[in-house]
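Reading through the structure tokens given below for one structure.
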């Protein structure tokens, strides 16, 4: 995401958009930056939740202090407690030295707890205490450590549903949900797509030392009508890829990925009349489905820059299921 305007005391640096819904978010961010309240950022993967959190930090009184992001969904549950709160030497077998956790590193600044809905319930209890008392003990430690940290949480999950299902503590939800900021998916702010395209084209043409590309009216219409399941992250990846691969500087509809033009879904293995082709006497359904599944998984991983937890959510499967499929398919 990126800013196209400056509202209130917030002078946006990397969030682009002039649509009414984004302008309302700018105004809310300007108010939030001036206080110390806990913020809960809600939105689909790829909508720019971390950028919102960084901007709030950079325009707060804590701007000169650390901004520490933690992806709670990317760290195994048995390691997350040590990652957040640190551990003492000898706390467990591999604890050969004392380790400072992310909360201590963020002292005086801001910590972003991304994918907070993935946090195990055991840790939710400890986090609740930190929110209430701003203190904790390292794993295996007895000393209480006090910190001055602003907490911003982010998630692409419906936490209210998670509370009803017993997967997320109700008391923690209300502690986090002091000031909610809901980031709309890109498909709900299509007016911002041309501005975002230009922002990313300029960004990568400067980075790669290449001439900026121009998007034809027909191609621009396709981009505006596409649903963008990967949101702004998918759009950024698309602009980068076009800039790198285009031999000329004009982007036509034929240059866009086929998932956008609607020509066909990811290709299945080719079937022809070659006698060496195993499909000559019939289609090997298992092989065809495996090839299709492999392409979908690679596409999801590309959209989400290799982050398995986010790719799994895009595919509507568990992270462990994704890992098992990747192993089976040799990815």
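Which of the residues spanning the stretch 46-69 are surrounded by fewer than 22 Cβ atoms within 10 Å (Cβ to Cβ) and within 12 Å of the chain's Cα centre (by Cα)?
Across the stretch 46-69, the qualifying residues are 50, 51, 69.
For the stretch 167-193, what are the residues that are under 18 Å from the mean Cα position of the chain (by Cα), surrounded by fewer than 18 Cβ atoms within 10 Å (Cβ to Cβ) and assigned to a helix (DSSP H, G or I)?
Selection gives 187, 188.
Filter the stretch 138-161 for residues that are touching a residue at least 40 places away in the same chain (Cβ under 8 Å) and surrounded by fewer than 16 Cβ atoms within 10 Å (Cβ to Cβ); which is nearest to the chain's Cα centre (by Cα)?
148
In the stretch 64-88, what residues are farther than 14 Å from residue 154 by Cα and in contact with a strand residue (DSSP E or B) (Cβ under 9 Å, 6 or more places away or on another chain)?
65, 66, 67, 80, 81, 82, 83, 84, 85, 86, 87, 88
Name, by its number, the condition in (1) surrounded by 13 or more Cβ atoms within 10 Å (Cβ to Cβ); (2) out of contact with any helix residue (DSSP H, G or I) (no Cβ under 6 Å at 6 or more places or on another chain); (3) assigned to a helix (DSSP H, G or I) that does not hold for residue 206.
Checking residue 206 against (1) surrounded by 13 or more Cβ atoms within 10 Å (Cβ to Cβ); (2) out of contact with any helix residue (DSSP H, G or I) (no Cβ under 6 Å at 6 or more places or on another chain); (3) assigned to a helix (DSSP H, G or I), the one that fails is (1).
What about residue 17, is it surrounded by 14 or more Cβ atoms within 10 Å (Cβ to Cβ) and either at pLDDT 90 or above or in a loop (DSSP other than H, G, I, E, B) (or both)?
yes
If we keep just the residues of the stretch 33-42 that are at pLDDT 95 or above and in contact with a helix residue (DSSP H, G or I) (Cβ under 7 Å, 6 or more places away or on another chain), which is surrounded by the fewest Cβ atoms within 10 Å (Cβ to Cβ)?
38
Just one of (1) under 27 Å from residue 312 (Cα atoms); (2) touching a residue at least 12 places away in the same chain (Cβ under 8 Å) trips up residue 109, so point out which.
So the condition that residue 109 fails would be (1).
Assigned to a helix (DSSP H, G or I) and over 22 Å from residue 48 (Cα atoms): is that true of residue 232 in this structure?
Spelling it out, it is not the case that residue 232 is assigned to a helix (DSSP H, G or I) and over 22 Å from residue 48 (Cα atoms).
Examine the stretch 115-128 for a residue that is surrounded by fewer than 16 Cβ atoms within 10 Å (Cβ to Cβ), at positive phi, within 27 Å of the chain's Cα centre (by Cα) and not assigned by TED's automatic domain parsing to the domain that holds residue 311, and state whether such a residue exists.
No.
Among the numbered conditions (1) free of Cβ contacts under 8 Å to residues at least 60 places away in the same chain; (2) touching a strand residue (DSSP E or B) at 6+ places or on another chain (Cβ under 6 Å), tell me where residue 176 comes up short.
Result: residue 176 passes all but (1).
Give just the number: which of (1) buried (at least 19 other Cβ atoms within 10 Å of the Cβ); (2) touching a strand residue (DSSP E or B) at 6+ places or on another chain (Cβ under 9 Å); (3) not assigned by TED's automatic domain parsing to the domain that holds residue 57 does residue 250 not satisfy?
That leaves (1) as the condition not met.
If you check 94, 9, which single one turns out to be surrounded by fewer than 17 Cβ atoms within 10 Å (Cβ to Cβ), touching a helix residue (DSSP H, G or I) at 6+ places or on another chain (Cβ under 8 Å) and at pLDDT below 90?
Checking each option against the conditions leaves just 9.
The values are calculated or read from the model by the stated rules, or taken from the named source; none is laboratory data. For clarity, every value in this text was computed on a predicted model and none was experimentally measured. Neighbour counts are summed over all protein chains in view; Cβ atoms, including those assigned to glycine, are modelled from backbone coordinates with ideal geometry.
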